[in-house]
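Structure first, then comments.
The values are calculated or read from the model by the stated rules, or taken from the named source; none is laboratory data. The model shown is predicted, which means the values in this text are computed figures rather than measured ones. Positions of Cβ are generated from backbone atoms using ideal geometry, with glycine treated the same way; all protein chains shown enter the neighbour counts.
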Amino acid sequence: MTEQPRLAEQNAAVHLPEPFLKWFAQRGWSPRAHQIELLATAQAGQSVLLIAPTGAGKTLAGFLPSLTELAGRPGRRPGQARRGIHTLYISPLKALAVDIERNLGKPVEEIGLSVTIETRTGDTPAHKRQRQKLAPPDILLTTPEQLALLIAAPDARRLFEDLRYVVLDELHSLVTSKRGHLLSLGLARLRSFVPGLQTIGLSATVAEPDELRRWLVSQNPPGGMAELIVVTGGAKPEISILDSEEHVPWAGHSARYATPEIYNEIKRHKTTLLFVNTRSQAELLFQELWRVNDDTLPIALHHGSLDVAQRRRVEKAMGENALRAIVATSTLDLGIDWGDVDLVVHVGAPKGASRLAQRIGRANHRMDEPSKAILIPANRFEVLECRAALDANYLGAQDTPPLVNGGLDVLAQHVLGCACGAPFHADALFEEVRTAAPYAELDRPTFDRVVDFVATGGYALKNYERYARIRLNKDGLWRVSNPRIAQQYRLNVGTIIEVPALNVRYIKAGSKGSASRGGRVLGKIEEAFLETLTHGDTFMFAGKVLRFEGIRENECFVSNAPGSDAKVPYYGGGKFPLSTYLAEQVRIMLDDPQRWKKLPEQVADWLRFQADKSVLPKRDDLLIETFPRGNRYYLVAYPFEGRLAHQTLGMLLTRRLDRAGARPLGFVATDYALAIWSLADMGRMFRAKKPSLAALFDQDMLGDDLEAWLADSWLLKRTFRNCALISGLIEKRHPGQEKSGRQVTVSTDLVYDVLRSHEPDHILLQATRADAATGLLDVSRLAEMLSRIQGRIVHKHLGQISPLAVPIMLEIGKMPVHGEADDTLLMDAATLVEEAMGTK
Amino acid sequence: MTFALAMTALLADPIDIAGERAICDRRGVLYFPELRLVTVSDLHLEKGSSLARRGTLIPPYDTGATLLRLQAVIADYQPAIVISLGDSFHDGGGAARMHSSFRERLEALMAGRDWFWVAGNHDPDAPADLPGETVRELAIGSLVFRHEPSAVRVEGEISGHLHPCARIVQQGRSVRRRCFAGDGGRMIMPAFGAYTGSLNVLDRAYAGLFRRETLMAYMLGTERIFAISHAMLRPG
């Protein structure tokens, strides 16, 4: 859509009230076409989705319908009842809600509107929340969890009876998670309170806008969609890939080789935003930059595990333009304003074209100026991936993930929430739930099983009738059986499950933390990582090298480590798997030597070597190489389907190879490839067709093998834990007591074992398997791949390692090896004891 | 002795507790061959329904699962004496709440043996309407069986209550398992119940109970017991 200023002005005059026109004019601005179009659509009674790049004035656009309507509303006369909330604004981040309050307050004041705007988040004091219910503001800025709480209150209907608009910010990021599922159910509830309710979705560019359009409106009748307004354009970003003078490493994620070149770019620009994919990369890059920071430029670190106070300080400094560079993870992905960033550096591969576009949008928050960005691949495969992403960004390709059906655990939480608000009729609630797009395909038997689950646990053994949380009364309504249930519900609302983590606290070296309670808290770190440390190990956190002193209760004690090398690397893995779209682009590039010319010479050479020594896979083929090395035999496959799918594939193949007598020992998976090693010569076995590769990679591995492996997998246990907490089977918090992560972990694992052996078809296990298939296991993607490669497997039996195999072979030993039973480790420990004691 | 038991006995070297020979079974029970005695601790039967009463509706199958495992152990050893070392039921009303089918299974297990319910902190009184003898503690030979380990050192004391587990770190990976904890003088049993959590033997709750230098954790593996010395154990 191109802007047509004159038409826009004429339209503005029709739709914008006088004070608004004056306000724009006083500032020498004119309303943008999409702002007016959105206003006109809303005024015509339609819900609407606005897709626009950052800096397009999205927020103001989203609020114009509310502000103009509120401006024209007659004031409340004395004695007249207080009005309910007029507009609800929902954002994924607390900070964003606070930011908007500031940004919106200014025009409201300048235009001279008497509109009240307030935020309500987890940080809002209780007395203010209470007051907000008695005297609601016109515009309430809040989060999905707070909405869930509000609709579970007995006075919800009254609070929302005057609601006109719901504005949903950063919709693209909300809809992909369980938070989005919960929010969609909350919206359905609001629509049942106020049938004429209109929604306004604000989103960055996505692959399938229609999914979001359906999400915004009732799916009764099915397929209904919000209107769509797309703002294209903005200046084309200037993106380049760092063409390093240095040797680009074969493997690894640090991009350490490029530190001096990155530092020079920081010096050349006003403010640089450096994005990385994981916290550990952020720590490492920050450390490396300070190592070369001879000019002591103010360079800061920001990631989600750091202490909140520390993060706020960094954010404030950033807002005041006091920093020259900031190293950040995805905590900064969303739309907070970050001062005058004039360069975005992306270290490591972006993993998705849309994600790259959104991150680059951070620079130059004004839409009409080009963003400037540099991509720093950390290894050679990432060079290919960066190149593919860069081409995609120019082409405007989008690869945001498709939306999945709503989780049954989330539905269970919502059902209990509804009962806490008011008694419900199952027929009516079922119809209401199905108006939410993620639940449009929900069938009645499943819904009834969820209600049964909420009531008594839904077990085949009907033992808990007398303990029911909700009960069906004679009038056909389900009611909460006890006010305590509602109290517990309120403490456990939401779908965000924290990974068990411990506070990291400073103490003096060697003091074990017993004498004093130690110094300040640096942040939180996952328990799973800390468990692998022993006293005296060093690791990197909060921009420092720390020495592990010990754990006590919920705290991990650390001291400053002498020297600057951390002994224990932390492999967090890529948080996001390589997108299907980018994976395909990389395969296409490998298959097209013409395109290698755009690659750095050393990388193109690498591919030429591969063509010479082995072969490069055709775009739809799966290349499998086998070769001996040391006293082991290796199989390396190159599916390019992302780490999660490769991990699942590795688990399943190892099982099959074991049955075939190949005696596999372990495997590692990256985003690009999978390597399995064994004692038997797999290449020979495949040549003799015992088994054939076609049989080994047959789709039937997703049947019994998957089931058998899943049953015992920690992946499923972790997924079950999330489902158990979200569904309310197990409480996150109980009045008066906080459960530590470990207590919850232990009990959900035990519950899982018992439930699986006694009632494998229980609804919560169904929900768990469904989650795992799209989440940690990525079975759906693996299934697509196995079907794609049928009859297209290319086997190269080599005498030695190929150039393409080098990167993944280097990962062996750096990444956790899968497929080894824990008992083997116990055996090793026990043997050590036996040796030491001289008993064996 | 069945074949399966013979294998178990082979894999688990007998240990010595105050002069009595004992086998730590990987399923979490202690067997004294000379006494034909099996002891098991912290069954926590009906923990599921106990939590359900307070609104946490976890699956009601824990009693069944626990009894099934106990049944297998008893079938293997055919003991003359069984001692349930306390916290046999998760709360005082547990035995009364138990489903009739579970009660029948439990009674069948008890038939023809001397069965002792040692009183625990969760179940200080005799379980309702069940056979067996309820005792505060029990002395047999040089051994004494009680629920809570006593603060002063007692040679030959077998107790439970603390739900011991141990953790080791090998090759950058951490393994945590329930365990028997013993120093040759006294022994603390792992919890047997399906829903019972566990507490690391290095936790402060165990302070002063063991002679550190001879403390061993007999960690429960899938196929066998792993005897791990104090030096290899990690807290947490």
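Below, the figures for the structure above:
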quantity	calculated
Count of the range A:454-465 residues which are facing chain B (nearest Cβ under 8 Å) and not in a loop (DSSP other than H, G, I, E, B)	1
Test result for A:Ala695, modelled with pLDDT of 85 or more and over 24 Å from the mean Cα position of the chain (by Cα)	yes
Matching helices (runs of 4 or more DSSP H) fully within the range B:25-98 where at least 1 residues are within 24 Å of A:His762 (Cβ to Cβ), within 13 Å of chain A (Cβ to nearest Cβ) and of a type in the set (A, V, I, L, M)	B:47-53, B:62-77
Residue under evaluation A:Leu159, criteria (1) buried (at least 16 other Cβ atoms within 10 Å of the Cβ); (2) modelled with pLDDT under 95; (3) under 29 Å from the mean Cα position of the chain (by Cα), criterion not met	(3)
Residue match in the range A:302-323 (condition: among the aliphatic types (A, V, I, L, M), crowded, with 21+ Cβ neighbours inside 10 Å and within 21 Å of A:Ala255 (Cα to Cα))	no
Search result, residues across the range A:473-506 that are in a loop (DSSP other than H, G, I, E, B), at pLDDT 85 or above and of a type in the set (Val, Ile, Thr)	A:Val493
Within the range B:132-178, considering residues that are of a type in the set (Lys, Arg) and more than 14 Å from every other protein chain (Cβ to nearest Cβ), the one surrounded by the fewest Cβ atoms within 10 Å (Cβ to Cβ)	B:Arg136
So B:Val152, is it in a loop (DSSP other than H, G, I, E, B) and of a type in the set (A, V, I, L, M, F, W, C)	yes
Test result for A:Asp399, outside any helix (DSSP H, G or I), over 30 Å from A:Leu755 (Cβ atoms) and touching a residue at least 12 places away in the same chain (Cβ under 8 Å)	yes
Hey, A:Gly666 closer than 23 Å to A:Gly791 by Cα and in contact with a Gly (Cβ under 9 Å, 6 or more places away or on another chain) or not	no
Condition check for B:Asp183: surrounded by fewer than 17 Cβ atoms within 10 Å (Cβ to Cβ) and either in contact (Cβ under 8 Å) with a residue 12 or more places away in the chain or at positive phi (or both)	no
Test result for A:Thr745, modelled with pLDDT of 90 or more, within 27 Å of the chain's Cα centre (by Cα), within 14 Å of chain B (Cβ to nearest Cβ) and buried (at least 16 other Cβ atoms within 10 Å of the Cβ)	no
Enumeration of residues in the range B:198-231 that are facing chain A (nearest Cβ under 7 Å) and farther than 13 Å from B:Arg177 by Cβ	B:Ser229
Residue check, A:Gly75 touching a Leu at 6+ places or on another chain (Cβ under 6 Å), at pLDDT below 95 and either part of a helix (DSSP H, G or I) or in the same structural domain as A:Ala207 (by TED's automatic domain parsing) (or both)	no
Restricting the range A:413-458 to residues that are over 29 Å from the mean Cα position of the chain (by Cα) and among the small types (Gly, Ala, Ser), the residue that is surrounded by the fewest Cβ atoms within 10 Å (Cβ to Cβ)	A:Ala428
Number of positions in the range A:466-480 that are more than 8 Å from chain B (Cβ to nearest Cβ) and buried (at least 17 other Cβ atoms within 10 Å of the Cβ)	4
Unique residue being under 30 Å from A:Ser757 (Cβ atoms) and free of Cβ contacts under 8 Å to residues at least 40 places away in the same chain when the list is A:Leu657, A:Leu710	A:Leu657
Check on B:Asp129, farther than 22 Å from B:Leu35 by Cα, surrounded by 20 or more Cβ atoms within 10 Å (Cβ to Cβ) and without any contact (Cβ under 8 Å) to a residue 40 or more places away in the chain	no
Among the candidates A:Leu653, A:Leu644, A:Leu649, A:Leu635, residue that is surrounded by 22 or more Cβ atoms within 10 Å (Cβ to Cβ), assigned to a strand (DSSP E or B) and not charged (D, E, K, R)	A:Leu635
Candidates A:Glu265, A:Glu283 - the one that is in contact (Cβ under 8 Å) with a residue 60 or more places away in the chain and surrounded by 20 or more Cβ atoms within 10 Å (Cβ to Cβ)	A:Glu283
Verdict on B:Arg224 being among the charged types (D, E, K, R) and modelled with pLDDT under 90	yes
Test: residue in the range A:63-72 that is at pLDDT 85 or above and closer than 17 Å to A:Glu145 by Cα	no
Among (1) of a type in the set (A, V, I, L, M); (2) out of contact with any strand residue (DSSP E or B) (no Cβ under 9 Å at 6 or more places or on another chain); (3) farther than 19 Å from A:Gly775 by Cα - the single one A:Leu652 does not satisfy	(3)
Which numbered condition A:Val404 misses (of (1) at pLDDT below 90; (2) under 29 Å from A:Arg756 (Cα atoms); (3) assigned to a helix (DSSP H, G or I))	(3)
Unique match (being at pLDDT 90 or above, in a helix (DSSP H, G or I), more than 30 Å from the chain's Cα centre (by Cα) and within 14 Å of chain B (Cβ to nearest Cβ)) among A:Val754, A:Val833	A:Val754
Residues within the range A:282-306 that are among the small types (Gly, Ala, Ser) and in a loop (DSSP other than H, G, I, E, B), tallied	2
Members of the range A:332-350 found to be modelled with pLDDT of 80 or more and of a type outside the set (Asp, Glu), listed by number	A:Val341, A:Leu343, A:Val344, A:Val345, A:His346, A:Val347, A:Gly348, A:Ala349
Subset of the range B:194-234 [more than 14 Å from B:Ile15 (Cβ to Cβ) and of a type in the set (A, V, I, L, M)]	B:Ala194, B:Leu199, B:Val201, B:Leu202, B:Ala205, B:Ala207, B:Leu209, B:Leu220, B:Ala231, B:Met232, B:Leu233
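To keep it simple, each residue is scored yes or no on (1) within 30 Å of A:Ala426 (Cβ to Cβ); (2) touching a strand residue (DSSP E or B) at 6+ places or on another chain (Cβ under 6 Å); (3) assigned to a loop (DSSP other than H, G, I, E, B).
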site	(1), (2), (3)
A:Leu187	yes, no, no
A:Pro195	yes, no, yes
A:Leu202	no, yes, no
A:Arg214	yes, no, no
A:Gln219	yes, no, yes
A:Ile229	no, yes, no
A:Asp243	no, no, yes
A:His247	no, no, yes
A:Gly252	no, no, yes
